[in-house]
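Here is the structure we will look at, set down as structure tokens.
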Amino acid sequence: MKYCKTCHVHYDTTLDHCMLCNGDLEHENDDVVTYKFSEYKKKNASRFFHRLFIFLNIVSILVSIYIDFLDGFPLTWSLVVSITNIYAVVMFILLAIPTIWTSKMTKSIIVTVGMLILIGLAIRNHSWALDYVFPFALMLNILLITILIIFNKKKWFDYFSSLSIVTIVGLVPGLLNLFGATQVTWPSVACFSYALVTLLGIIFLPSKASRDEFKRRFHI
Amino acid sequence: MSLKKQKYWYKLDNAGKIFPAVSQDERSNVFRLSFYLDEMVDSTLLEEAVNKVLPRFETFAVQLKNGLFWNYFASNTKHFEVEVEPAQVCKYFKAHDNKGYLFKVYYLDNKITLETFHAISDGAGAMHFLKSVVYNYYRLRGIKFDHENKILSELPYSKKESEDNFVSNYDKAKKKNLKEEKAYHFSGERFSNHWVLMMKLRIPTKDLIQLVKTKYQSTVTQFVTALLAYSIYSETVDFIGGKKPLKVFIPVNLRPYFDSVTLRNFSLYIKATFDAKRTDWTFENMLELTKLQFSDQLDKEKLQSRISSLVGFEKNPLIRILPLVLKTIAFKIGYNILGESISSCSISNLGIIDLPTGLEKKVIDADFVNAGYGIAMTLISLKNHTNIIMSSPLKDLSIMNYFIQFLVSEGLDITLDTNYKEGYDEIL
């Protein structure tokens, strides 16, 4: 044990100077004093590169829009660059957030499809994105999660959110087709039907476990 | 024989609902309980002890899940892993990196530490869990003591342990409007990388009680509340003459008031408020005011009225139908605007730790740390000494210094310990 003569307090740690007055501590007895915590090690600023990545993408957006703007409206190629930059940042954040990988996969597919549709709109030709990429990506996602659930029944609770979200989004291509927003019918109808069947399957599966899961997820 | 359930779920309790939305590196909402043993900790046995005890503590064996409208806790049966204690006290952690669990068990030399995310439990609940872990650790070591009905893992499970007592004590008729004015806040430079300074004062309990009972006719909590407030009043330069009052928040364990044995959150803040416009404060008149405010607020009717108001908020139909994503955004905005601004500092007294005789001989010391804004003070008593632990993210010792010097001048024998080390100034 150590002692500060000025502050009249004992110290049960390895300090040589009093924290209160900075005076020298005296040894009171031969008791061994120890530092009872893990020692702090200086860390590098790990987030610097994260911030740099986001900063460079913002710079890229501003520079490309400015250069494109010099040729006058409407903006053309700079929109594609900007959408890609925003996509890169969103994907970076999405992948950095710790969550189960099925959730990451579902979000990544939805964000990627969204990005492709925006690029389609930017180049004034979105048909390929909305007619083909959108429904096929969603069908693939539903299929992958369904397979996961079949082969890993114990963890189906973990995949439930992803499957619910992707099946609800899977109804959108059919609705878009209904309102004339897409030109090719069969991929949208196929996606809508597949999503609807899956959704009905989730709701009406005669399993107590699924009903309980609904109760938890939707408790209000 | 205990029947181990594997599929259960809980709604988050009223106090816990906000924490998942607002917690981050600089506001972890994690508190620490540590036991120092009379021997080096065997990490393998510790891990075994935690996994042995976990199924008995349903409210700890959970993972946080997202529902459409609210978060909820689902059962978690994964194997729990203990870790070496990190340098940062009450460190924010991501449940995803902790097998979904919302608590951490650390070991370091002879110390076992439980750090709990406030969404699952409060100090009283977490203490039951730590006591059970340490008791079972010794059993696995081959040392057996009589549990003397003080170790929950050795007692039959009761559904009441998992009850949300905020909801069970909700009375719609007793709701009242809860309005909080903003409080004085400390300003100053922070330690880097969210490091929090911890200063531990070890005081003989008998001497402390004698002082507060005979000289000041108060309780220990009232005494330290007034003394902390007086230290802030004496040592800060921007409080006096300001508009915002000094508000010390003191969480009260509601279990004795409402006959509860829950392991989930069941505490509510009372507060001691001191006017900034008054310039003639003395320690004595601060203590008198503290006593008055305590006796006024520690009234079962008033506490139930506040519980009802808080639960009434979450029962509001407009709040309930708001999707979780929007609720999270609203909680974040609301907490940033109001959350921390209504309190200046906090004091939490866990009281005397009641251990079985055999275990009491093995546990030589205990810590209770609550890292918060400004200064967070905690008290915990074990055997014949009381530890007053002050923690702060700010590089300022003046208030702590005043507090300590006051106690020394009252003749108390104080032994200090800290997580600070010479040389930290250069890296923190």
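On inspection, residue B:187 fails the criterion of being at pLDDT 95 or above, in a loop (DSSP other than H, G, I, E, B) and out of contact with any strand residue (DSSP E or B) (no Cβ under 7 Å at 6 or more places or on another chain).
All conditions but one from (1) closer than 16 Å to residue B:419 by Cα; (2) in a loop (DSSP other than H, G, I, E, B); (3) modelled with pLDDT of 90 or more apply to residue A:10; the one that does not is (2).
A single entry from A:164, A:193 fulfils the requirement of being touching a residue at least 12 places away in the same chain (Cβ under 8 Å), within 14 Å of chain B (Cβ to nearest Cβ) and either out of contact with any Ser or Thr (no Cβ under 9 Å at 6 or more places or on another chain) or part of a helix (DSSP H, G or I) (or both): A:164. For segment B:191-204, a tally of residues being under 21 Å from residue B:229 (Cα atoms) and part of a strand (DSSP E or B) returns 7.
Of all the residues in segment B:400-428, those that are facing chain A (nearest Cβ under 7 Å) and touching a strand residue (DSSP E or B) at 6+ places or on another chain (Cβ under 8 Å) number 10. Among what's in segment A:6-35 and is more than 22 Å from residue B:396 (Cα to Cα) and charged (D, E, K, R), pick the residue that is farthest from the other protein chains (Cβ to nearest Cβ). My answer is A:30. Annotation note: of B:60, B:80, the sole residue that is under 22 Å from the mean Cα position of the chain (by Cα), part of a loop (DSSP other than H, G, I, E, B) and more than 14 Å from every other protein chain (Cβ to nearest Cβ) is B:60.
Comparison of B:89, B:53, B:105 shows that the only residue that is assigned to a helix (DSSP H, G or I) and touching a Phe, Trp or Tyr at 6+ places or on another chain (Cβ under 9 Å) is B:53. Looking only at residues of segment B:378-399 that are part of a loop (DSSP other than H, G, I, E, B) and more than 9 Å from every other protein chain (Cβ to nearest Cβ), we find that the one that is nearest to the chain's Cα centre (by Cα) is B:393. Condition check: without any contact (Cβ under 8 Å) to a residue 12 or more places away in the chain and β-branched (Val, Ile, Thr). Does residue B:203 satisfy that? Judged against the criteria, residue B:203 is not a match.
Of the residues making up segment B:370-389, none is aromatic (Phe, Trp, Tyr), within 20 Å of residue B:122 (Cα to Cα), buried (at least 16 other Cβ atoms within 10 Å of the Cβ) and touching a helix residue (DSSP H, G or I) at 6+ places or on another chain (Cβ under 6 Å).
Candidates in segment B:340-371 are the residues that are touching a Phe, Trp or Tyr at 6+ places or on another chain (Cβ under 9 Å) and either small (Gly, Ala, Ser) or not assigned by TED's automatic domain parsing to the domain that holds residue B:209 (or both); of these, the one that is nearest to residue B:32 (Cα to Cα) is B:371. Among residues of segment B:411-428 that are within 16 Å of residue A:22 (Cα to Cα), those with a beta-carbon under 6 Å from a residue that is among the hydroxyl-bearing types (Ser, Thr, Tyr) at least six positions away or on a different chain give the pairs B:416/A:11; B:417/A:13; B:418/A:13. Within the set B:132, B:121, the sole residue that is touching a helix residue (DSSP H, G or I) at 6+ places or on another chain (Cβ under 6 Å) and either outside any strand (DSSP E or B) or not assigned by TED's automatic domain parsing to the domain that holds residue B:18 (or both) turns out to be B:132.
Just one of the listed residues (A:132, A:159, A:66, A:87) is in contact with a Pro (Cβ under 8 Å, 6 or more places away or on another chain) and either within 14 Å of chain B (Cβ to nearest Cβ) or among the aromatic types (Phe, Trp, Tyr) (or both), and it is A:132.
Report yes if some residue within segment B:347-355 is more than 30 Å from residue B:39 (Cα to Cα) and either assigned to a strand (DSSP E or B) or modelled with pLDDT of 95 or more (or both); otherwise report no. Yes, there is a match, as at least one residue in segment B:347-355 is more than 30 Å from residue B:39 (Cα to Cα) and either assigned to a strand (DSSP E or B) or modelled with pLDDT of 95 or more (or both). Which of the numbered conditions does residue A:57 fail, given that it passes all the others? Conditions: (1) at pLDDT 90 or above; (2) in a loop (DSSP other than H, G, I, E, B). Condition (2) is where residue A:57 drops out.
Answer yes or no as to whether residue A:36 is farther than 30 Å from residue A:118 by Cα and surrounded by fewer than 18 Cβ atoms within 10 Å (Cβ to Cβ). No, not satisfied. With respect to the conditions (1) over 30 Å from residue B:263 (Cβ atoms); (2) modelled with pLDDT under 90, residue B:159 lacks only one, and its number is (1).
Answer yes or no as to whether residue B:115 is modelled with pLDDT of 95 or more, surrounded by fewer than 22 Cβ atoms within 10 Å (Cβ to Cβ) and not in a helix (DSSP H, G or I). In short, no. What number of residues within segment A:78-106 satisfy the criterion of being out of contact with any Asp or Glu (no Cβ under 6 Å at 6 or more places or on another chain) and under 18 Å from residue A:125 (Cβ atoms)? Result for segment A:78-106: 6.
Quickly run through segment B:144-168 and pick out the residues that are loosely packed, with under 13 Cβ neighbours inside 10 Å, of a type outside the set (Ser, Thr, Tyr) and part of a loop (DSSP other than H, G, I, E, B). B:144, B:146, B:149, B:156, listed by residue number.
In segment A:176-195 there is no residue matching the filter, namely being of a type in the set (A, V, I, L, M), exposed (fewer than 12 other Cβ atoms within 10 Å of the Cβ) and not assigned by TED's automatic domain parsing to the domain that holds residue A:82.
One residue is enough: does segment A:139-158 have a residue meeting the conditions under 26 Å from residue A:82 (Cβ atoms), out of contact with any strand residue (DSSP E or B) (no Cβ under 8 Å at 6 or more places or on another chain), assigned to a helix (DSSP H, G or I) and among the acidic types (Asp, Glu)? No, there is no match, as no residue in segment A:139-158 is under 26 Å from residue A:82 (Cβ atoms), out of contact with any strand residue (DSSP E or B) (no Cβ under 8 Å at 6 or more places or on another chain), assigned to a helix (DSSP H, G or I) and among the acidic types (Asp, Glu). Residues that are of a type in the set (A, V, I, L, M, F, W, C) and over 23 Å from the mean Cα position of the chain (by Cα) number at least 1 in the following helices (runs of 4 or more DSSP H) confined to segment B:242-332: B:283-297, B:300-315, B:317-320.
The values are calculated or read from the model by the stated rules, or taken from the named source; none is laboratory data. Being a predicted model, the structure only gives us computed values, none of them experimental. Please note: Cβ atoms are built from the backbone with ideal geometry, for glycine as well, and neighbour counts cover all protein chains shown.
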